[in-house]
Amino acid sequence: MILVTGANGYLGLETIRNLRRISPETEVSGLVRSREKGEKVSEAGAEVKIGDYFDPASLEKAFKNIDVLLLISSSTIEDRVKQHENVIRAAEKSGVKQLVYTSMVKASEKISPLAYDHAETEEILDRSNIETTISRHTFYSELFPMFLGNALDTGQWHFPSSGEKMNVAFRTEMGEALAGILADPDPHRGKTYELTSGSAHTFTELSEMLSNISGKKITYTDVPVDSYVEQLNKAGLPDEVVGMAKLSAETVSSGALDITTSDLKKLLGRKPASVETFIKEFLSQH
């Protein structure tokens, strides 16, 4: 049996739906924190199991009779490594045979603030007695609007990048790739994948794409992270949102997302969708 943690999130649901499509005979369950959060998981075709990353006993109960576990990294930054370690230890105690972990591209290089928790989790997995597969993800295309802000309205795009390139990929395709790994896990044991789309771009290049596709001139200005954060605070955004935006900006500026591999293409069996495709879809809805 396969279990997907964080099952009610976007990536978890995409993974479950794709798994049911490509391997309908496979038994799939999804972990959520409460029964109320399990409705979409059940609709996607998975058995709902209840467990919390902060509650090891609940995890051990949920992991009983699970062969392959997908650990989707916690979206809660506080005590993130401890949450992941709780999952890994519970998986060991429950006899899970293989664990797939969603990490971040270039995690082991530790060049961005978001990489450290992932790198430490990978190290814990390396010391564990479970067969592992590391699926390192670049930023999702679906996060692009957060970077964009109100640029489509003003024609001015201010975001920190330090001139670095960014590779983004569709979260839907990440879910499809994960489903493929889970459906036939043996060939992926001990493997580390860096999942990206086919190209990385500077923000100036992205602004040119936006201009060409939207028909409206979008001018990009590279700004310091501190100035960017100051503007977000002035806009009255919640501290949690500002904090995540700051980490994202620092990650882009570190060059951590300037990476392009063929791993996602190989797992999908086709070329991943381009950022141009996402921009066209995004603009068609706005």
Of the residues in the stretch 85-104, those that are small (Gly, Ala, Ser) and crowded, with 22+ Cβ neighbours inside 10 Å come to 90, 91, 103
Selection from the stretch 187-206 of residues touching a residue at least 60 places away in the same chain (Cβ under 8 Å) and either among the basic types (Lys, Arg) or assigned to a helix (DSSP H, G or I) (or both) yields 188, 189, 206
Within the stretch 106-124, of all residues that are crowded, with 22+ Cβ neighbours inside 10 Å and touching a Phe, Trp or Tyr at 6+ places or on another chain (Cβ under 9 Å), the one farthest from residue 95 (Cα to Cα) is 107
Selection from the stretch 78-118 of residues among the basic types (Lys, Arg) and at positive phi yields 106, 110
>> Kindly evaluate residue 143 against the criterion of being assigned to a helix (DSSP H, G or I), modelled with pLDDT of 95 or more and within 22 Å of residue 5 (Cα to Cα).
In response: no
Flagged pairs (Cβ under 7 angstrom, 6 or more apart or on separate chains; first in the stretch 262-286, polar (S, T, N, Q); second modelled with pLDDT of 95 or more and surrounded by 16 or more Cβ atoms within 10 Å (Cβ to Cβ)) are 274/197; 274/198
Looking across the stretch 171-201 at residues that are hydroxyl-bearing (Ser, Thr, Tyr) and closer than 19 Å to residue 281 by Cβ, the single one that is surrounded by the fewest Cβ atoms within 10 Å (Cβ to Cβ) is 199
Residue hits (the stretch 230-243; more than 18 Å from residue 77 (Cα to Cα) and in a helix (DSSP H, G or I)) are 230, 231, 232, 233, 234
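Can you pull out the residues in the stretch 163-183 that are part of a loop (DSSP other than H, G, I, E, B) and either of a type outside the set (Asp, Glu) or free of Cβ contacts under 8 Å to residues at least 60 places away in the same chain (or both)?
Within the stretch 163-183, 163, 165, 167, 170 meet the criteria.
So which residues in the stretch 62-80 are under 17 Å from residue 244 (Cα atoms) and hydrophobic (A, V, I, L, M, F, W, C), if there are any at all?
77
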Taking the stretch 209-226 and keeping only residues that are among the charged types (D, E, K, R) and either buried (at least 16 other Cβ atoms within 10 Å of the Cβ) or closer than 20 Å to residue 104 by Cα (or both), one is left with 222
Taking the stretch 39-55 and the residues there that are of a type outside the set (A, V, I, L, M) and crowded, with 19+ Cβ neighbours inside 10 Å, the one that is nearest to residue 87 (Cα to Cα) would be 53
Quick count over the stretch 146-162, residues being at negative phi, of a type in the set (Ser, Thr, Tyr) and in a loop (DSSP other than H, G, I, E, B), is 1
Reported set for the stretch 1-60 where residues are of a type in the set (Val, Ile, Thr) and either part of a strand (DSSP E or B) or more than 20 Å from the chain's Cα centre (by Cα) (or both) is 2, 4, 22, 26, 28, 32, 48, 50
Checking 168, 229 in turn, the sole residue that is β-branched (Val, Ile, Thr), buried (at least 16 other Cβ atoms within 10 Å of the Cβ) and in contact with a Lys or Arg (Cβ under 6 Å, 6 or more places away or on another chain) turns out to be 229
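The values are calculated or read from the model by the stated rules, or taken from the named source; none is laboratory data. The model shown is predicted, which means the values in this text are computed figures rather than measured ones. Cβ coordinates were reconstructed from backbone atoms using ideal geometry, including for glycine residues, and neighbour counts include every protein chain displayed.
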